[in-house]
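Quick notes on the structure that follows.
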Amino acid sequence: MKSVKIIIATHKKFNEPKDTNLYLPVYVGAEGKDDLGYQKDNEGDNISKLNPYFCELTGIYWAWKNLDADYIGLVHYRRFFTTKKKTFDNSIQIDDVILSQNDVSKLIEHYDVIVPSKRKYYIETLYSHYAHTFDYTHLDLAREIIAKNSPDYLTSFDTVMKQRSGYMFNMFIMQKALLNEYCEWLFPTLQTMYEKMDLSSYTAFEARLFGRVSEILFNVWLNHKNISPREVPFMYMEKVDLWKKGMGFLMAKFFRKKYDKSF
């Protein structure tokens, strides 16, 4: 049987799954912090110090460099792949709804890449949504770097920018060989961005831009590799204020009110 390890990116204690063979909580941004009792992303080959900018990507980097498994995945402490589309309520037990070892084994028999259901923006492209909610210059800089360092990706980049949907949240389960290819392209691109940008005036929320840009670059990579991934439902493991989330989206779209916090 193929080995699978799904890391759970977290920065705090949470209600973790019982299956510790499949799921591995990883404390992202652990450098200089108190121990939570989880695997830390500052051990072995790591970029833990970049967590204030790279978010859960420091967990992906750690898994890429330090885990030995046929398939590697990432979910979040509050966002998991599930067997069915369902809205969270307080009666839900995490182990009853998230993917089990058996579920994952069946999926990877037929697919090399598993992703969350597409997020659809309808009235926005991926580029315009990012421009309205954050800062379009981040994507323009990413394009400039790709044009110089990996120009064969440029057509895919331009195609993805015009899409009205995408696979978001940096969530996936994929074959380790493909993860190697993805990370070997992604991290040099982001590192070059990081070196070129002056972040001194950014708030802590704004500085986490590299994690957001990478969500879009993941779609660029999939397009370039001509990969048709298997979509799987996902669930927030806490209540989400959909009204506030929707109003934030519309305020950004029509009134140029940038996001200044997570919803």
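The values are calculated or read from the model by the stated rules, or taken from the named source; none is laboratory data. Because the structure is predicted, anything quoted here is derived from the model rather than measured. Heads up, the Cβs are rebuilt from the backbone with ideal geometry, glycines too, and the neighbour counts pull from every protein chain shown.
Once the stretch 4-41 is narrowed to residues that are among the polar types (S, T, N, Q) and either free of Cβ contacts under 8 Å to residues at least 12 places away in the same chain or under 25 Å from residue 168 (Cα atoms) (or both), the residue that is surrounded by the most Cβ atoms within 10 Å (Cβ to Cβ) is 10.
Of all the residues in the stretch 204-236, those that are part of a helix (DSSP H, G or I), touching a Lys or Arg at 6+ places or on another chain (Cβ under 8 Å) and under 26 Å from residue 106 (Cβ atoms) number 0.
Does residue 61 fit the bill of being in contact (Cβ under 8 Å) with a residue 60 or more places away in the chain, farther than 20 Å from residue 103 by Cβ and among the hydroxyl-bearing types (Ser, Thr, Tyr)? Yes, satisfied. Of 69, 63, all but one fail to be aliphatic (A, V, I, L, M) and part of a loop (DSSP other than H, G, I, E, B); the exception is 69. Here residue 155 fulfils each of the conditions (1) in a helix (DSSP H, G or I); (2) within 27 Å of residue 65 (Cα to Cα) apart from (2). Is it true that residue 31 is closer than 25 Å to residue 204 by Cα and touching a Ser or Thr at 6+ places or on another chain (Cβ under 6 Å)? Yes: the conditions hold for residue 31. Of everything in the stretch 86-120 that is assigned to a loop (DSSP other than H, G, I, E, B) and among the acidic types (Asp, Glu), the residue that is farthest from residue 21 (Cα to Cα) is 89. Look at the stretch 181-203: where a residue is under 17 Å from residue 148 (Cα atoms) and a partner is part of a helix (DSSP H, G or I) and small (Gly, Ala, Ser), sitting 6+ places away or on another chain with Cβ atoms under 8 Å, you get 186/214; 189/142; 190/214; 193/142. For the stretch 139-146, the criterion of being under 16 Å from the mean Cα position of the chain (by Cα) and modelled with pLDDT of 95 or more is met by none of the residues. Of the residues in the stretch 154-174, how many are surrounded by fewer than 17 Cβ atoms within 10 Å (Cβ to Cβ) and within 17 Å of the chain's Cα centre (by Cα)? Matching residues across the stretch 154-174 total 1.
Could you tell me which of the residues 128, 201 is part of a helix (DSSP H, G or I) and either farther than 27 Å from residue 6 by Cβ or among the hydroxyl-bearing types (Ser, Thr, Tyr) (or both)? If you could, list the steps in order and put the result at the bottom.
Working: 201 fails: part of a helix (DSSP H, G or I).
Just one listed residue meets the conditions, 128.
Please determine, by comparing only the residues of the stretch 185-214 that are within 16 Å of the chain's Cα centre (by Cα) and charged (D, E, K, R), which one is nearest to residue 139 (Cα to Cα). Applying the filter and picking the extreme gives 212.
Taken over the stretch 150-189, the criterion of being under 21 Å from residue 114 (Cα atoms) and among the β-branched types (Val, Ile, Thr) is satisfied by 160, 173.
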